[in-house]
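What follows is a set of notes on a single structure, which appears directly below.
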Amino acid sequence: MLNLKENQYDRQTLKDNIYALDLLELLKTQHIDVTFAVRYLLNKNYDIDDNYNITPQLVVEYQPHITLKSILYEAIQYQSDDDSVEDFESVSKR
């Protein structure tokens with residue numbers, strides 16, 4: 001299990017472990033880019049606990065280098081098959 005409070009992880013490591021992470025904790029502790037925020041933190045497909053509470057405003061609050069405008073732009077440009085992760089069921093069977 002990754003220790004988000006103690007360590008910084010690269011994008012690939014976060015992506016590979018996305019289903020095992022608390023997304024809000026990830027947002028608060030890791031330095032992420034706008035693409036990661038849109039594809040994983042703001043994407044309901046990766047919130048397996050149904051406690052979806054990450055909003056664009058929260059992203060901007062905890063990641064001040066990201067703007068609402070950049071989130072909107074990235075969301076418009078995002079194609080769901082770009083950089084996607086296997087579904088939870090497939091990952092959980094490993």
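The values are calculated or read from the model by the stated rules, or taken from the named source; none is laboratory data. Computed from a predicted structure; not experimentally measured. All Cβ positions, even for glycine, are placed from backbone atoms using ideal geometry, and neighbour counts span all protein chains on display.
Out of the residues in the stretch 20-29 meeting the condition of being more than 10 Å from the chain's Cα centre (by Cα) and touching a residue at least 24 places away in the same chain (Cβ under 8 Å), tell me which one is surrounded by the fewest Cβ atoms within 10 Å (Cβ to Cβ). Once the filter is applied, the top-ranked residue is 28.
Residue-wise test of (1) touching a strand residue (DSSP E or B) at 6+ places or on another chain (Cβ under 6 Å); (2) modelled with pLDDT of 95 or more; (3) of a type outside the set (Gly, Ala, Ser); (4) buried (at least 19 other Cβ atoms within 10 Å of the Cβ).
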{"position": "10", "(1), (2), (3), (4)": "no, yes, yes, no"}
{"position": "13", "(1), (2), (3), (4)": "no, yes, yes, no"}
{"position": "18", "(1), (2), (3), (4)": "no, no, yes, yes"}
{"position": "33", "(1), (2), (3), (4)": "no, yes, yes, no"}
{"position": "45", "(1), (2), (3), (4)": "no, no, yes, no"}
